[in-house]
Amino acid sequence: MLTHPKEFDVVDLDPYGSPSIFLDSAVQAVADGGLLMCTATDLAVLCGTNGEVCYAKYGSFPTKGKYCHEMALRILLASIESHANRYKRYIVPVLSVFMDFYIRVFVRVFTSASEIKNTPLKLSYIYQCVGCDSFHLQCLARTVQKKNNGVKHAPAIGPVVPQECSDCGKKFNVGGPIWSAPIHDQDWVLSTLTGVKSMKDRYPAYDKITSVLNTMSEELHDVPLFFSLHNIAGTVKCTSPSLVMFRSAVLNAGYRISSTHVNPLGIKSDAPWDVIWDIMRCWVKNHPIKEQPRDSPGTVILSKSPKLEANFSRAVAALSKAQTNKIKRFLPNPERHWGPKVRAGRKITSKHVSLLGPDAIKGAVNGGDCQKEGNGAEPDSTASEPEGIKDVEDEPSNKRQKTSDGEPASEP
């Protein structure tokens, strides 16, 4: 790609694992206005299990939360933008999706030395409370109006949160920076959905594609990240209100709310966290709970009187258009053992049963794909094997084998 700068209209990166080592050359190979498609399957890194590895590969430190898969999308977009800015280029995301076991983003790449100055306005740090589910975003920069009606960029004023959470009194974890601008182009999503519907017979996965696009089209694109209704109910130890009732309470309070394609229980809203917790306080008031420990986050939250009287009467927009039309939004996996397969070039053995299933292991053995390696030692017949797996060869041990008289066997 480095030998063909700005030559390709479309570049598709789909490696096994992280695409980070290909991003620098990919953003240079795409023509002006061209499309860069990028897939990442290293979700353990992007979602916060290995934060230091994520920072080394993508330049962002993740925080743990129910929004982790959307955060993974935003970390990848921030990384692509960072690589593009080095060559006076910037990106415009048109579609960003989490599906099955991977994330995939579609971005257009443009060249403009002046536009890249706005990049800090599109990036934010995350403050994640360790006690409750509340999170807050701190933008990296702000714009200041000049006397000649011009605009200059200045550092953002912060922090946006106090030292301790104003809701539960716990500390904050800090993560980021992540992409906090929209991750979809609404017109692009609707146009793609229309195009797919017009060619239904050409798409074997038509139901899956349309379900994801329908959910994306209804997301609040200017609201980064989301929270889980079950999680906030778990924080205050109460029975969760129905999704329709909760959405109605937010709408009746004068705020917007939507679902997310990432999680069936995920909720996006522009309502501040004090409004969210006021709604839960009103819910608990009508649905009493058992006494909880005094120092628990839920007890601290419920000890405060609500400033807002929540109205749970059903709102007109409590159901999305997809729900009203009974369009399936989240489909089950197409088959058992659905997930990433074995890396290309690896020998299939009995240890891969959790990935491929017993039938696939047997098929690989019968087809001759599972062969002995290394020193050719026979597997121990007394070792236990997974249920349903017979005559499957284990990977050989790297230890030297001993003969019957106790002496080490010679190396092959």
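Bear in mind that the values in this text are calculations on the coordinates, not laboratory data. Since the structure is predicted, the reported quantities are computational estimates derived from the model, not experimental observations. Methodologically, a virtual Cβ is constructed for each residue, glycine included, from the backbone with ideal geometry; neighbour enumeration extends over all protein chains shown.
For the range 155-223, relative contact order (Cα pairs under 8 Å, six or more residues apart, normalised by length) works out to 31 percent. How far, in degrees from 0 to 90, does helix 206-217 lean away from the longest principal axis of the Cα atoms of the chain, to the nearest 10? Tilt of helix 206-217: around 30 degrees. For the residue pairs Lys208/Lys347; Lys66/Lys122; Lys208/Lys268; Lys197/Lys321; Lys122/Lys146; Lys122/Lys152, the alpha carbons lie more than 24 Å apart in Lys208/Lys347. Hey, if you put +1 on the Cβ of every Lys and Arg and -1 on every Asp and Glu Cβ in the chain, which of Gly339, Val189, Met199 ends up farthest toward the positive end of that dipole? Highest projection toward the positive end goes to Val189.
Taking the Cα centre of the range 45-122 as origin and assigning +1 to Lys and Arg Cβ atoms and -1 to Asp and Glu Cβ atoms, the resulting dipole is close to 200 debye. Net charge in the neighbourhood of Val30 (other residues with Cβ under 10 Å of its Cβ; Lys, Arg +1, Asp, Glu -1) is 0.
Please identify the longest segment of the chain free of exposed GluC sites (Glu not before Pro), where exposed means a DSSP state other than H, G, I, E or B and no more than 14 other Cβ atoms within 10 Å. Counting only loop sites that pass the neighbour cut-off, the longest clear stretch is 8-163. Under the convention that each Lys and Arg Cβ holds +1 and each Asp and Glu Cβ holds -1, the size of the dipole of the chain around its Cα centre is about 1780 debye.
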